Amino acid sequence: MTSDSTVVPLRQPEETEDPLTAILRSGARRLLAQAVEAEAEAFLAAMKDVRLADGRERVVRHGHGPERLVQTGIGAVPVRRVKLRDRGADAGGGGARIRFTSALLPRWARRTRSLDALLPILYLRGVSMGDFQEALAALLGRDAPNLSPSVVARLRNEWQAEHARWQRRDLSARHYVYVWADGVYLQARMEPQAECMLVLIGATPEGKKELLGFQVGVRESAQSWRELLVDLKARGLATAPELATGDGALGFWKALETVFPTTRHQRCWVHKTSNLLDKLPKSVQPAAKADLREVWQAPDRATAETAIATFAAKYAAKYENAVTCLVKDRDALLTFYDFPAEHWDHLRTANPIESVFATVRHRTVRAKGALSQDTARLMVFKLVMAAAKTWRRLKGENQLPKVVQGVKFTNGVEVTDTPAQSAA
């Protein structure tokens, strides 16, 4: 039957007509259903030999759960969970119930993990809770479920609770061979002044880098750093790190000498180069930078000392302040020579923190600052924790146990006693 109406429906502005997206969602639904089915079949195959007293299979299929929408990066995808039944538990056969839990589709999942990682960044960058659905409409479709203001508010509370638990975690079983220290200033839009985020990253004896300490301080003062280090020690971090790398801020080094006096100091060559070049005219900076590279890239301490002497002789007459900036920290700049050569690239700079801060600064600049210091703190915490999942292990991790045991290294090479030395 045909309609006599001459009214032609027009597409509304908020509607998106995208056949490609529709195809992608349809394909994603089929692939997800196939993957969940294959996962269930694999579990059944593993349980095939587990049988009841009468010989029947104990674990069998039991239909599907109700359909639900899972929010993904291409919009909402409808899925159904496979259900399996433990007939042994139903018959009162005793023992623990055998349960099947899908790794692809957890029981209460409503969003993909990648989307869960996106939400805190959007909120912390200043997108209000009421604007989430509008902000994500082009990506997820109109009226995207599971992104209501109340859901986002609950997630924000979860992030805050996660941060609080992390700040109180027990460190008695932890040991960090190396630590990197630095601070970053973030200006919140609703705050009169910027606060300094103090960050410590540590390397475990297994070569894994972890976020060790994080708190807001008053600039990079000795008192603020001391509070952070004392808190870590009070929560069980009893063993002092072997080496700490950081810039020339005196606050951290004074606090470190008080709390962990046995930890050796390594000044960051990136910060030192930047500070030194600021004391030279731009016309001289390229040559001076190349000369400094000859120092920290030297194969041994003696060659580095010679390169420092050459730098001083070359620039002292006209640029005494630049030479003084280098010479006064000579020992702390060359400490890395007393550690395995495989670790030099890691120890010479505070890059593990600088690379994370670059991401934080980029996001705050693009968002014109976080809304408040509370959101700034949460943003730094979430960004660093997210970045930590992709941090690479230290090169030469097999050398770390030797460092922990106190084995001596000279110019990056392990010092071993020869029979002649022992007899002497």
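The values are calculated or read from the model by the stated rules, or taken from the named source; none is laboratory data. On a predicted model such as this, the values are computed, not experimentally measured, just so you know. Virtual Cβ from ideal backbone geometry, glycine too; neighbours counted across all protein chains shown. The protein model used for the area step is the full one, side chains on, heavy atoms only, and it has no ligands, DNA or RNA in it. Shrake-Rupley method; radii C 1.70, N 1.55, O 1.52, S 1.80 Å.
Listed values, structure above:
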quantity: Single condition Asp278 does not satisfy, out of (1) loosely packed, with under 15 Cβ neighbours inside 10 Å; (2) at pLDDT 95 or above; calculated: (2)
quantity: Flag if Val327 is among the β-branched types (Val, Ile, Thr), farther than 21 Å from Ser221 by Cα and crowded, with 19+ Cβ neighbours inside 10 Å; calculated: no
quantity: Residues of segment 223-248 satisfying the condition of being buried (at least 19 other Cβ atoms within 10 Å of the Cβ) and under 16 Å from Val184 (Cα atoms); calculated: Ser224, Trp225, Leu228, Thr245, Gly246, Asp247
quantity: Number of positions in segment 264-275 that are in contact with a helix residue (DSSP H, G or I) (Cβ under 6 Å, 6 or more places away or on another chain) and open to solvent by less than 10 Å² (accessible area, probe 1.4 Å); calculated: 2
quantity: Test: residue in segment 60-81 that is assigned to a helix (DSSP H, G or I), surrounded by 11 or more Cβ atoms within 10 Å (Cβ to Cβ), at pLDDT below 75 and not basic (Lys, Arg); calculated: no
quantity: Where Asp18 falls short, out of the listed (1) over 34 Å from the mean Cα position of the chain (by Cα); (2) at pLDDT 80 or above; (3) of a type outside the set (Gly, Ala, Ser); calculated: (2)
quantity: Some residue of segment 245-255 being under 30 Å from Leu378 (Cβ atoms), of a type in the set (Val, Ile, Thr) and at pLDDT below 90; calculated: no
quantity: Qualifying residue in segment 337-352 (condition: under 22 Å from Cys268 (Cα atoms) and modelled with pLDDT under 75); calculated: yes
quantity: Verdict on Leu212 being part of a loop (DSSP other than H, G, I, E, B), surrounded by 16 or more Cβ atoms within 10 Å (Cβ to Cβ) and of a type in the set (A, V, I, L, M); calculated: no
